[in-house]
Structure formats: structure tokens, C-alpha cells
1. Running Debye on the stretch 196-236 with equal point scatterers at the Cα sites and no solvent, what base-10 log of I(q)/I(0) appears at q = 0.19 Å⁻¹?
2. Quote the FRET efficiency, to the nearest 0.05, computed for Asn177 versus Asp77 with a Förster distance R0 of 45 Å and r equal to the Cβ-Cβ distance.
3. I want to check the label-to-label distance for Glu199 and Ser169. Put each point 7 Å from Cα in the C-beta direction and report it in nm to one decimal.
4. Calculate, in nm to one decimal, what Met133 and Arg188 gain on full extension: separation in residues at 0.36 nm each, minus their alpha carbon distance.
5. With a point put 7 Å past each Cα toward its Cβ, work out how far Ser119 is from Glu146 in nm, to one decimal.
6. Grab the beta carbon distance between Val46 and Ser109, set R0 = 45 Å, and tell me the FRET efficiency rounded to 0.05.
7. Residue by residue, what Karplus-based ³J(HN,Hα) values in Hz, rounded to whole numbers, does the stretch 81-91 have, using 6.51, -1.76 and 1.60 with θ = phi - 60° and x for Gly and Pro?
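No value in this document is a laboratory result; all are computed from the given coordinates. For clarity, every value in this text was computed on a predicted model and none was experimentally measured. We place every Cβ from the backbone using ideal geometry, glycine too, and count neighbours over all the protein chains shown.
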Amino acid sequence: MSEDNTLNTAAESVAPAPEAAGASAEGGAAPKKPRSKKRAAIVAAVCVAVVAVAGVGFWQWHETPSFCNAICHAPQDPINATYDGVPGQAGVDKWGNAVADMGDLLVVSHKQAGLTCMSCHEPTLGQQLTEGMHWVQGAYEYPLNERSLEDLNHYLQKDDPASFCLNESCHNMTRENLADATAELGERNPHVTRPRHEELQCSDCHKSHRQSVNACSRCHDDAPVPEGWLSAEEAAGLDAGNFPW
């Protein structure tokens, strides 16, 4: 036998047969590790986690004034400033008028109670989508001028505008309960509707982004003005600025 044949025979005896290279101890094909499936599952889990975290963050932002300002109601910076007011500290109302104690503004006291913009401004999803389309088209309106509860109540579609505030989630009482609670005001009790007397809405006196006003003082000069409130004359003298709202 030649030297070349001897080397070839030795190599064949050492090298495994091609069909045996991937064989298992039992003689069958060795199973491949499912790395691609595991990797896909990990990627999917990470994507779901990222979307969930982003969704939570977006919803929390959705509850703040900066969302309203950025998405639909621009410009709204003066309104945002009232929301960020601190009780016991001076500041300005939505029109830029000086306020000795920002805690006198309902927007601040409501925030201190854990409420957000959407706790009061509660439009339906359809209305929000419509406002979003108006914003994209540049055809939106400035909705931040003086609003009555009747205006705001159309979002909630309740029969009585007062139920915007007097409901189980907020001030859990009826008009009658409120009238009884303020009975010490006597004949000047604004929560009692009398014949031949204008029926006041809550928002005639209770303001959110500016100091509240004793509406009774429009007619009654001797009507007491609570601390932190304004008389009708003082409110009429406020500078509404040059803002479109």
C-alpha cells in the first residue's frame, strides 16, 4: 500500500461520517435550541412593558394642565400658573391680577384635595377627539373665558347644572342640604331660591381660576364679602387683559 493510501485510510477512520456529525447518543438528530423563539418572547415582553409604562405616563400627563396647553387649548400658560399656586403665597389670577393668597382660588384648593383638571373638565372621548381635530386644523376656539356651570355641564349631560358640583363624587349634598347648611345667612341665603328673585348658579359666586365673588353685592351694598373673596364692584374692576379667553 502506498504512503498516500495509508494517510487517507487513517483520516477516514478518525473523521466522523457526515451523517453522524449531528447525531445524538441515541443515534437521532440532536435537537436545536429554540433560541429564536426565546429571543422573540423577550423582545415582545420588553415592548409590552415599554408601551405600558408609556401609557401610564401619558395618562398621568393627560390629567395635568400642560397636556391641555400642549394639545388643544393653547395658549393656556396663565391658567397653568393658577393651578400651580401655593396656599399662603401671593400670586396672580388667570388674568394676571394680584392675589394675596393663592389658596383663595378654588383651582388651588381643589388641587390640594387631590383633584386634577379632568376632575372638573370632563369631556367625552368623542368631544376630545373633535377638539384634537380642530387643533390640527387650526380651527379650535379658546374655551377658557368665563364659563358658567351650565356651559361646563353639557359635558356631563346632567339635568341640573348644580349637580356638576353637588354629586356623590364631589360635594355630596342636594340644593336643600346646602340651603340648610347655610341657614345662618337668613334672608340673604343665596342657596335658597325665592319668588321674583334671580336664581343664582354656583359659578356666579364660586370662581376657579380667579377669586370668588359675592354676587349678592351686585344689588345689596351691605352684603358681607367672605375673606379672600371680592365684591361685585371689585370683580368688575379686574383687568381681564388682552387675552382671547
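1. -0.50
2. Working: r = 38 Å, r/R0 = 0.85.
Rounded to the nearest 0.05, the efficiency is 0.75.
3. Each label point lies 7 Å from its Cα, and together they span 2.4 nm.
4. Working: separation 55, 0.36 × 55 = 19.80 nm, distance 4.66 nm.
Stretched fully, the Met133-Arg188 segment lengthens by 15.1 nm.
5. The answer from the label model is 2.6 nm.
6. Working: r = 43 Å, r/R0 = 0.95.
It comes to 0.60.
7. 5, 5, 5, 8, x, 10, x, x, 10, 6, x
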